[in-house]
Amino acid sequence: AEWDYDRCIRVGQISIHHGVRWLTADFNCTVTDPDYVNLILDRLRDSHPRIYGMLLYVEQPFPYELAEHPIDVHSVSARKPLYLDESAHDWKWVARGRELGWSGVALKTCKTQTGALLSACWAKAHGMGLMVQDLTNPMLAQIPHVQLAARVGTIMGVETNAMQFYPDASGPEATVHPGLYQRKGGCLELSTLEGPGLGYRLEDIQRQLPEPALDFRP
């Protein structure tokens, strides 16, 4: 755990230097013992209280299949909000996570819009926190993603990183909705979303699609 702890300190110190207010910790399903996370959190609390205070939540330290790894995580969520990510396949697994001690859930429209809405409804009805994350949603996928985040009541904003990983992918959409595909002061601007449905304004977006790679018609 020493390297993980040292990494948290280094990232925290860099963040403080640059005026960052909040951090999150994502162990990416690599942990099987809650005490591994607890030890890091307790050491940060005692030795680096400012960095500890900046931690908004801890994300998915444990294996994503809750059926195979039903780990009791109440001790972790007693220290910091603990958010399901990979384990949140649908609202039923969100419910199972809550039984095990998870306190929040990451919603992803790329796992289907309906699934995200159902998980959000169940989680909010049972006092769980929410965040909206993406798997790098470009082009039209960005729109339902941010529409959900703007309305569902997240712990803090929305994760959106398509403009970081491939900024040129969403050119036609950005022409119509410039505020959705470029962060300014850490914020997105949704005022151009209007009209039926999710406000795509498809008739205004001049995207030329390639020929289909496969044709399944008989």
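The values are calculated or read from the model by the stated rules, or taken from the named source; none is laboratory data. These figures come from a predicted structure and were not determined experimentally. Here the Cβ is made from the backbone with ideal geometry for all residues, glycine too, and neighbour counts use every protein chain on show.
Numerical summary
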{"read-out": "Inter-residue pairs, beta-carbon under 9 Å, first in a helix (DSSP H, G or I) and in the range 140-157, second of a type in the set (Phe, Trp, Tyr) and modelled with pLDDT of 95 or more, 6+ apart", "value": "Leu140/Tyr200; Gln142/Tyr181; Ile143/Tyr200; Pro144/Tyr200"}
{"read-out": "Any chance Asp85 is touching a Cys at 6+ places or on another chain (Cβ under 9 Å) and surrounded by 15 or more Cβ atoms within 10 Å (Cβ to Cβ)", "value": "yes"}
{"read-out": "Criterion: outside any loop (DSSP other than H, G, I, E, B), in contact with a helix residue (DSSP H, G or I) (Cβ under 9 Å, 6 or more places away or on another chain) and of a type in the set (A, V, I, L, M, F, W, C) - qualifying residue of Val11, Val20", "value": "Val11"}
{"read-out": "Tally of residues being closer than 18 Å to Asp33 by Cα, among the charged types (D, E, K, R) and assigned to a loop (DSSP other than H, G, I, E, B) across the range 86-109", "value": "1"}
{"read-out": "Residue in the range 51-68 that is surrounded by fewer than 16 Cβ atoms within 10 Å (Cβ to Cβ) and among the β-branched types (Val, Ile, Thr) present", "value": "no"}
{"read-out": "Enumeration of residues in the range 28-59 that are touching a Phe, Trp or Tyr at 6+ places or on another chain (Cβ under 8 Å) and either at pLDDT below 95 or of a type in the set (Val, Ile, Thr) (or both)", "value": "Cys29, Val31, Thr32, Val37, Ile40, Val58"}
{"read-out": "Pick from the range 158-195, criterion in a loop (DSSP other than H, G, I, E, B) and charged (D, E, K, R), ranking: nearest to Leu148 (Cα to Cα)", "value": "Glu159"}
{"read-out": "Condition check for Gly101: modelled with pLDDT of 95 or more, of a type in the set (Gly, Ala, Ser) and surrounded by fewer than 19 Cβ atoms within 10 Å (Cβ to Cβ)", "value": "yes"}
{"read-out": "Options Thr192, Thr136, Thr154: the member that is touching a helix residue (DSSP H, G or I) at 6+ places or on another chain (Cβ under 8 Å), of a type in the set (Val, Ile, Thr) and closer than 19 Å to Gln60 by Cβ", "value": "Thr136"}
